[in-house]
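The values are calculated or read from the model by the stated rules, or taken from the named source; none is laboratory data. All values derive from a computational prediction rather than experimental measurement. In this analysis, Cβ positions are derived from the backbone assuming ideal geometry, glycine residues included, and neighbour counts consider all displayed protein chains.
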Amino acid sequence: MVETSAKKRVALVGNPNAGKTSLFNALTGLHQKTGNYPGVTVEKSEGECQLTFQKVDVVDVPGLYSLTPVSTDEEVATSVLLDEGADLVVYVLDGSNIERNLFLFSQLADHDLNVVVALTMTDILMRSGGDFDIARLSTLLGVEVVPVIPHKGIGIPELKEAMERAIEDPHTLELDVGFPKVVMDAADRLADHMNRRGIALGLREARCVLLDEHCTTADRFRDLPEHIAAIEEERKAVLGASGQGRTLDAQARYAWAERVRKESILPPQNKKRSKSEIADAFLTHRVFGLLFFLGLMYLVFQSIYTFAAPLMDLIEAGKTALANWVSPMLESTPMVQSLVVDGVIEGVGSVFVFLPQIVILFFFIAVLEGTGYLARAAFLMDKLLGWCGLNGRAFIPLLSSFACAIPGVMAARVMPDQRSRLLTVLVAPLMSCSARLPVYLLLIGAIIEPKYGPAWAGFALFAMHFVGLIVAIPIVFILNRKISKGRRLPFMLELPKYQWPKWRDVFLTLTSRSKVFLQTAGTIIFAMSVLIWALLTFPQAKPGTYQKEYEALSVERQSQISEDEFAELRQREDSALGRFGRTIEPVFAPAGFDWRITTAILAAFPAREVVVPAMGILFGTGADVDEGSPKMVQSMQKATWPDGRPLMTVWSSISLMVFFALCCQCMATLAAVKRETNSWKWAAFSFGYMTTLAYIFSVVINQIGLAVSK
Ligand SMILES: Nc1nc2c(ncn2[C@@H]2O[C@H](COP(=O)(O)OP(=O)(O)OP(=O)(O)O)[C@@H](O)[C@H]2O)c(=O)[nH]1
Ligand SMILES: [Mg+2]
């Protein structure tokens with residue numbers, strides 16, 4: 001059939017965590033992020049949905065509690081609804097929380113919108129012993145109501161049909177909320193006053209002018225003192241001298257919502273609710289809640305460490321097999337052989353090895369998010385850390401930064417004022433994102449585990465994830481004085497319902513995360529590996545160049561290193577990259593980093609993942625390798641300073657890990673900071689303060705180490 005040129009636009013609107021994005025995904029087949037806490041969506045996203053006779057554009061927006069936005073994400077939503085406009089609004093109504101959700105619905109009736117209701121969470125309502133009457137609800141709301149369970153696809157065809165009907169035959173939503181008689185009488189008089197003077201003002205607009213000081217209709221009379229006087233007079237009649245119009249407005253709407261709920265919904269039996277109340281009393285308890293949180297995190301990191309080992313060995317074996325298979329084929333061209341084996345396979349392969357851990361980490365994050373526990377953790381953090389000036393709402397963006405700082409920085413849009421939003425944007429990149437995981441695992445596996453065993457290795461991984469959070473506390477405290485002037489708004493995070501995670505959503509998170517990880521490995525890491533290999537291989541020294549130098553070494557040193565190894569090491573030091581690294585080495589030597597680590601760190605500024613392949617190439621080749629642990633790990637363990645002191649001690653590896661925990665090595669995050677703050681100044685500030693901190697901390701740690709081990 002021929003499509004009409006202008007596609008209709010459908011906006012999904014509703015309270016936070018009502019299921020809008022889940023419904024958006026079900027309608028469009030896309031995979032936008034959902035999660036069981038309010039404030040997951042902070043940006044509008046658009047997709048197409050095929051109805052029976054037409055395709056429509058569907059827009060998903062951040063959740064709203066009311067049409068008066070307080071934060072940036074809410075502004076996005078109201079502007080889609082009221083400024084851009086929509087041919088149809090699908091109001092996503094959380095059936096397990098209907099009373100509060102109807103407040104926003106009642107406000108839609110003031111804006112001439114064409115509305116259909118999608119009722120979500122009915123499965124939760126029914127499971128806890130509640131029930132609902134769709135026909136009655138539909139009559140009371142004056143629109144079609146379709147129950148849906150988005151992730152199961154239940155009710156989606158019916159909803160599409162209802163959408164099509166509403167688009168073909170639009171009706172504006174009209175509601176009788178039942179405002180008090182005094183209000184309606186005053187509105188009537190005001191409308192009459194205006195109409196008699198030739199100004200069109202409907203009853204609804206007049207009520208809005210009287211009860212809402214932000215009402216834009218009132219702006220029309222701003223420069224007309226005569227009308228302002230009339231408005232003031234009627235306001236007094238309604239509210240008395242000191243009355244609050246908004247409170248009156250809200251009271252009327254909530255009273256209406258309660259009536260609707262009572263007539264159409266049988267509430268859940270108390271049994272289930274009290275279970276979740278008991279759980280919350282424990283999980284958000286200052287002491288027990290914290291112990292549980294720490295215990296849980298410890299288990300998560302310990303299992304990342306334990307579960308991934310066999311998978312890693314498998315990938316490691318695959319990498320070696322591939323190298324052994326390819327290597328002989330390229331025997332005739334040693335340069336190409338070295339490029340492919342030492343550069344590409346070693347470089348890209350050394351990152352690839354960490355895929356299992358990344359997947360396991362995201363599995364835990366997705367599960368904790370899906371159950372609703374993450375929101376409890378945020379609540380707990382607010383109790384614990386609120387004193388330093390961080391608004392409680394900030395913990396959701398900060399917790400999501402543990403996966404990746406970019407969504408974390410964006411999620412700061414939920415902050416209710418610009419200053420606390422800025423503060424959150426500035427500290428979010430300090431949280432330990434998943435790209436740091438390979439660095440920790442590499443160093444812990446090479447240096448800490450062989451010395452202290454797997455239990456301490458797991459503990460070290462757990463501890464590294466708190467470094468950024470702990471450092472963030474004084475930073476927030478200081479910045480808060482400077483930019484936020486100590487203002488702290490009350491914590492307004494609604495605790496979501498406990499649920500089983502949606503396994504399909506968990507699976508989608510895992511696949512999309514793995515895809516991102518492999519894409520990075522295939523592009524930037526591949527390119528950097530080739531570049532590092534080339535800079536490390538050229539210029540080539542003639543055979544025998546280092547013979548004299550070797551002979552001049554002490555007998556003891558000679559017993560540590562064979563002549564071939566020595567020549568290879570010196571060749572690398574004299575390569576283009578080696579010379580560059582050695583020039584910079586003095587800057588990082590106090591932190592315990594030699595030219596190889598220094599070079600790897602510098603190469604990792606665009607994206608921190610690059611450090612692993614860089615170290616793989618820098619340390620990976622030329623060592624005398626035993627069977628068993630990976631080549632790169634062995635040669636890191638064997639690496640020495642020129643005077644024969646071991647390079648990687650426990651202290652210098654902690655210093656290196658802390659450097660990575662704190663340093664701002666991610667161009668993409670800086671771009672996100674720039675985008676969200678709209679200024680390069682704050683991006684430069686983030687980069688500057690994090691990199692300085694990283695340097696200072698790693699120098700201090702290494703120096704303590706040197707002093708202690710003397
Ligand atoms: N049991 C059940 N869970 C649902 C239903 N709809 C959504 N959910 C879950 O509720 C949570 C919130 O869903 P989202 O789609 O992210 O909600 P949202 O309205 O987009 O939330 P924000 O973007 O934060 O405003 C997720 O864990 C969903 O899996 C439903 O009908 N039944
Ligand atoms: Mg959403």
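Tabulated results
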{"quantity": "Wholly within the stretch 418-462, helices (runs of 4 or more DSSP H) carrying at least 2 residues that are surrounded by 24 or more Cβ atoms within 10 Å (Cβ to Cβ) and touching a residue at least 60 places away in the same chain (Cβ under 8 Å)", "calculated": "418-427, 437-443"}
{"quantity": "Of the criteria (1) farther than 22 Å from Asp342 by Cβ; (2) of a type in the set (Lys, Arg); (3) loosely packed, with under 12 Cβ neighbours inside 10 Å, which one Lys502 fails", "calculated": "(3)"}
{"quantity": "Helices (runs of 4 or more DSSP H) (entirely within the stretch 495-600) containing at least 3 residues that are hydrophobic (A, V, I, L, M, F, W, C)", "calculated": "503-520, 526-537, 563-573, 576-588"}
{"quantity": "Scope the stretch 194-214; condition in contact (Cβ under 8 Å) with a residue 40 or more places away in the chain and either touching a strand residue (DSSP E or B) at 6+ places or on another chain (Cβ under 8 Å) or part of a helix (DSSP H, G or I) (or both); matching residues", "calculated": "Arg204, Cys208"}
{"quantity": "Failed criterion for Leu294 (all others in (1) in contact (Cβ under 8 Å) with a residue 12 or more places away in the chain; (2) exposed (fewer than 14 other Cβ atoms within 10 Å of the Cβ); (3) under 30 Å from the mean Cα position of the chain (by Cα) hold)", "calculated": "(1)"}
{"quantity": "Failed condition for Asp249, given (1) part of a helix (DSSP H, G or I); (2) of a type in the set (Asp, Glu); (3) exposed (fewer than 14 other Cβ atoms within 10 Å of the Cβ)", "calculated": "(3)"}
{"quantity": "Residues located in the stretch 1-22, provided they are more than 10 Å from ligand 1 (Cβ to nearest atom) and farther than 18 Å from Ser79 by Cα", "calculated": "Met1, Val2, Glu3, Thr4, Ser5, Ala6, Lys7"}
{"quantity": "Identity of the residue in the stretch 493-537, in contact with a Ser or Thr (Cβ under 9 Å, 6 or more places away or on another chain) and of a type in the set (D, E, K, R), that ends up nearest to ligand 2 (Cβ to nearest atom)", "calculated": "Asp505"}
{"quantity": "Complete set of residues in the stretch 30-46 that are more than 20 Å from Met121 (Cα to Cα) and either more than 13 Å from ligand 2 (Cβ to nearest atom) or aliphatic (A, V, I, L, M) (or both)", "calculated": "Leu30, Val42, Glu46"}
{"quantity": "Check on Ala18, under 21 Å from Leu104 (Cβ atoms), within 13 Å of ligand 2 (Cβ to nearest atom), part of a loop (DSSP other than H, G, I, E, B) and of a type in the set (A, V, I, L, M)", "calculated": "yes"}
{"quantity": "Test result for Ala6, assigned to a loop (DSSP other than H, G, I, E, B), more than 11 Å from ligand 2 (Cβ to nearest atom) and surrounded by fewer than 21 Cβ atoms within 10 Å (Cβ to Cβ)", "calculated": "yes"}
{"quantity": "Residue in the stretch 182-193 that is more than 21 Å from Val56 (Cβ to Cβ) and outside any helix (DSSP H, G or I) present", "calculated": "no"}
{"quantity": "Selected residue [polar (S, T, N, Q), farther than 21 Å from Val587 by Cβ and surrounded by fewer than 17 Cβ atoms within 10 Å (Cβ to Cβ)] from Gln637, Gln703", "calculated": "Gln637"}
{"quantity": "Subset tally (residues that are under 15 Å from Leu670 (Cα atoms) and in contact with a Leu (Cβ under 9 Å, 6 or more places away or on another chain)) for the stretch 387-408", "calculated": "3"}
{"quantity": "Odd one out for Leu647 among (1) over 24 Å from Pro539 (Cβ atoms); (2) surrounded by 21 or more Cβ atoms within 10 Å (Cβ to Cβ)", "calculated": "(2)"}
{"quantity": "Positions within the stretch 264-286 being over 27 Å from the mean Cα position of the chain (by Cα) and either modelled with pLDDT of 95 or more or not in a helix (DSSP H, G or I) (or both), in sequence order", "calculated": "Ile265, Leu266, Pro267, Pro268, Gln269"}
{"quantity": "Meets criteria (closer than 27 Å to Tyr254 by Cα and within 16 Å of ligand 1 (Cβ to nearest atom)) for Leu125", "calculated": "yes"}
{"quantity": "Test result for Ala206, over 46 Å from the mean Cα position of the chain (by Cα) and among the aliphatic types (A, V, I, L, M)", "calculated": "no"}
{"quantity": "Long-range neighbours under 6 Å by Cβ, at least six apart or interchain, first residue without any contact (Cβ under 8 Å) to a residue 60 or more places away in the chain and assigned to a helix (DSSP H, G or I) within the stretch 119-131, second near ligand 1 (Cβ under 8 Å from one of its atoms) and among the hydrophobic types (A, V, I, L, M, F, W, C)", "calculated": "Asp123/Ile149"}
{"quantity": "Qualifying residues in the stretch 48-68 (those that are assigned to a loop (DSSP other than H, G, I, E, B) and more than 25 Å from Leu374 (Cα to Cα)) - the one farthest from ligand 2 (Cβ to nearest atom)", "calculated": "Phe53"}
{"quantity": "Whichever residue in the stretch 143-174 is without any contact (Cβ under 8 Å) to a residue 60 or more places away in the chain, outside any helix (DSSP H, G or I) and surrounded by 15 or more Cβ atoms within 10 Å (Cβ to Cβ) and, among such residues, is nearest to ligand 1 (Cβ to nearest atom)", "calculated": "Ile149"}
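A quick yes/no check of all residues on (1) more than 9 Å from ligand 1 (Cβ to nearest atom); (2) in contact (Cβ under 8 Å) with a residue 24 or more places away in the chain; (3) not in a helix (DSSP H, G or I):
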{"site": "Phe24", "(1), (2), (3)": "no, yes, no"}
{"site": "Leu27", "(1), (2), (3)": "yes, yes, no"}
{"site": "His31", "(1), (2), (3)": "yes, yes, yes"}
{"site": "Asn36", "(1), (2), (3)": "no, yes, yes"}
{"site": "Glu43", "(1), (2), (3)": "yes, yes, yes"}
{"site": "Glu46", "(1), (2), (3)": "yes, no, yes"}
{"site": "Ala86", "(1), (2), (3)": "yes, yes, yes"}
{"site": "Phe105", "(1), (2), (3)": "yes, yes, no"}
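Rundown of residues vs (1) among the aromatic types (Phe, Trp, Tyr); (2) farther than 20 Å from Leu384 by Cβ; (3) at pLDDT 90 or above, yes/no style:
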{"position": "Gly468", "(1), (2), (3)": "no, no, yes"}
{"position": "Leu479", "(1), (2), (3)": "no, no, no"}
{"position": "Met492", "(1), (2), (3)": "no, no, no"}
{"position": "Leu495", "(1), (2), (3)": "no, no, no"}
{"position": "Trp503", "(1), (2), (3)": "yes, yes, yes"}
{"position": "Gly522", "(1), (2), (3)": "no, yes, no"}
{"position": "Leu536", "(1), (2), (3)": "no, yes, no"}
{"position": "Lys542", "(1), (2), (3)": "no, yes, no"}
